[in-house]
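Here is the structure we will look at.
The values are calculated or read from the model by the stated rules, or taken from the named source; none is laboratory data. Just so it is clear, the structure is predicted and the values come from calculations on it, not from any experiment. We place every Cβ from the backbone using ideal geometry, glycine too, and count neighbours over all the protein chains shown. For accessibility, only protein heavy atoms count, side chains too; no ligands or nucleic acids. Shrake-Rupley method; radii C 1.70, N 1.55, O 1.52, S 1.80 Å.
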Amino acid sequence: MVKAWYIDGEELVTDEKVKRSERHLNPPQYISLDELRHRTGVQCERVNVDKYDTDDSLQEICREKGYQYSDILDIHPQRLENYHDKLAAFYTEHMHPDDEVRLVLKGSAYFDVRDVDNNWIRIGVERGDMLILVGGTYHRFTLDCDGYGKLFRLFGSKADWSSFNRPADSHPARIAYVEKAVMGF
């Protein structure tokens, strides 16, 4: 089940164990999924991963948002080429011009996103959790301490992994995101 909380994400973290830990503030400051959506635009869904390819709610989201292409990313040292380099790239703060849709098929991980006040929120996801990050959302990704994740990824009319490292404030997708944030998503 998706859980979200604020973290102190400003310091440069190079230790993998620290990156992959929950990194709670002291005391912990959780955020509801409604507040998460209001403050970041992130949409959270629950999907039956045993039947994800025929799940009605997932099919409806695909129709509604125009997602037509999908693939599977298996994040494991023996199955992902350049595993450590890819994880480092995923953890670098960036944004995508299009929505980023990820369904966790196996394992667990964290997505860190910036809220409207530029604070970091860590989103913990596990099997069956699906996140939709609006195009233009500054974020980063890491596995948790278990070190494994298998993700189903959805895209628009083509597979586009284009990303732009922060700062990318002049990118049209980021400008549109900020406009949506001002309106409260």
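A few notes on this one:
- Computed [θ] at 222 nm, deg cm²/dmol, the chain (DSSP H ≥ 4; -39,500 (n - 2.57); rounded to nearest 500): -6500 deg cm²/dmol
- Within the listed set Pro167, Pro77, Pro27, the residue fluctuating most in the Gaussian network model of the chain (springs between alpha-carbon atoms under 10 angstrom) is Pro27.
- For the cross-link pairs Lys17/Lys86; Lys51/Lys86; Lys65/Lys158, the ones whose C-alpha atoms lie over 20 Å apart are Lys51/Lys86.
- Sorting Tyr148, Tyr83 by solvent-accessible area of protein heavy atoms yields Tyr148, Tyr83, largest first, with a 1.4 Å probe.
- Under 5 Å between amide hydrogens, built in the peptide plane, is the criterion, and for Lys106 it picks out Lys150 among residues at least 5 positions away or on other chains.
- Computed with a 1.4 Å probe on the full set of protein chains, the accessible area for Phe185 sits at about 80 Å².
- Near the amide H of Thr137, within less than 5 Å, lie the amide hydrogens of His96, all on another chain or at least 5 residues away, with H placed in the peptide plane.
- Where Asp169, Asp56 fall by accessible area, highest first, once all protein chains stay in place (1.4 Å): Asp56, Asp169
- Considering only Asp15, Asp160, Asp115, the mean-square fluctuation computed in a Gaussian network model of the chain, springs between alpha carbons under 10 angstrom, is largest for Asp15.
- Choice from Arg140, Arg63, Arg153 with maximal GNM fluctuation in the chain (Cα, 10 Å cutoff): Arg63
- Applied to segment 154-165, the Karplus parametrisation 6.51 cos²θ - 1.76 cosθ + 1.60 on θ = phi - 60° returns per-residue 3J(HN,Hα) values of 10, 9, x, 7, 8, 6, 9, 9, 4, 9, 10, 5 Hz, with x for Gly and Pro.
- Extending 7 Å from the Cα toward the beta-carbon at both Glu35 and Ser162 defines two label points whose distance is 3.6 nm.
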